[in-house]
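Here is the structure we will look at, set down as structure tokens.
FYI, it's all coordinate maths here, none of it is from the lab. What you see is a predicted model; the values in this text were computed from it and never measured. Cβ placement follows ideal geometry from the backbone for every residue including glycine, while neighbour counts extend to all protein chains displayed.
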Amino acid sequence: MEKEIKSKSFTLRTDDGQWLGQVVLTSDGMFASVTDYGNFSYAWRSFGEDFEQFILNLNVDYFGSKMYQGITYVAYGTKFEKSAHRFAEKILPALQKEIKNQII
């Protein structure tokens with residue numbers, strides 16, 4: 001029998017309280033987002049025991065590359081790649097901060 005897949009939603013804000021976006025993580029490795037910097041998603045299927053811990057260990061360049069990879073079947077070009085990296089710079093640190101806050 002398969003393990004039940006659980007999801008967790010994170011509302012991300014800047015340090016001064018401005019809305020950045022909403023991110024959903026699932027226990028089986030899916031990242032999905034609706035943000036001010038674009039709507040990106042990706043699914044990791046090999047991430048170890050805990051997907052949130054996996055996210056905490058990512059760096060912006062790797063994360064941005066995966067966001068870009070996730071949309072390349074729709075669009076291709078450096079403009080899209082730059083958008084994915086800008087998204088990663090804004091969203092990944094805020095998501096990591098929110099995960100840490102919920103763990104404590």
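For the residue pairs Lys8/Lys66; Lys6/Lys79; Lys3/Lys66; Lys3/Lys82; Lys6/Lys82, the alpha carbons lie more than 27 Å apart in Lys6/Lys79; Lys3/Lys82; Lys6/Lys82.
With a cut-off of 11 Å on the backbone N, no residue of the stretch 85-103 is near the modelled label site 7 Å out from Val34 along Cα-Cβ.
From its DSSP helices (H runs of at least four residues, each -39,500 (n - 2.57)), the chain gives a residue-normalised ellipticity at 222 nm of -14000 deg cm²/dmol. Of the residues Phe54, Phe10, Phe31, the one with the fewest other Cβ atoms within 10 Å heads the list, and the complete ranking is Phe54, Phe10, Phe31.
A cut-off under 13 angstrom between Cβ atoms defines the neighbours of Gly29, and their net charge, with Lys, Arg +1 and Asp, Glu -1, is +1. About its Cα centre, the dipole of the stretch 1-63 is roughly 160 debye, where the only charges are +1 on Lys and Arg Cβ and -1 on Asp and Glu Cβ.
Arranged from fewest to most other beta-carbon atoms within 10 Å of their beta carbon, Tyr62, Tyr68, Tyr37 become Tyr62, Tyr37, Tyr68.
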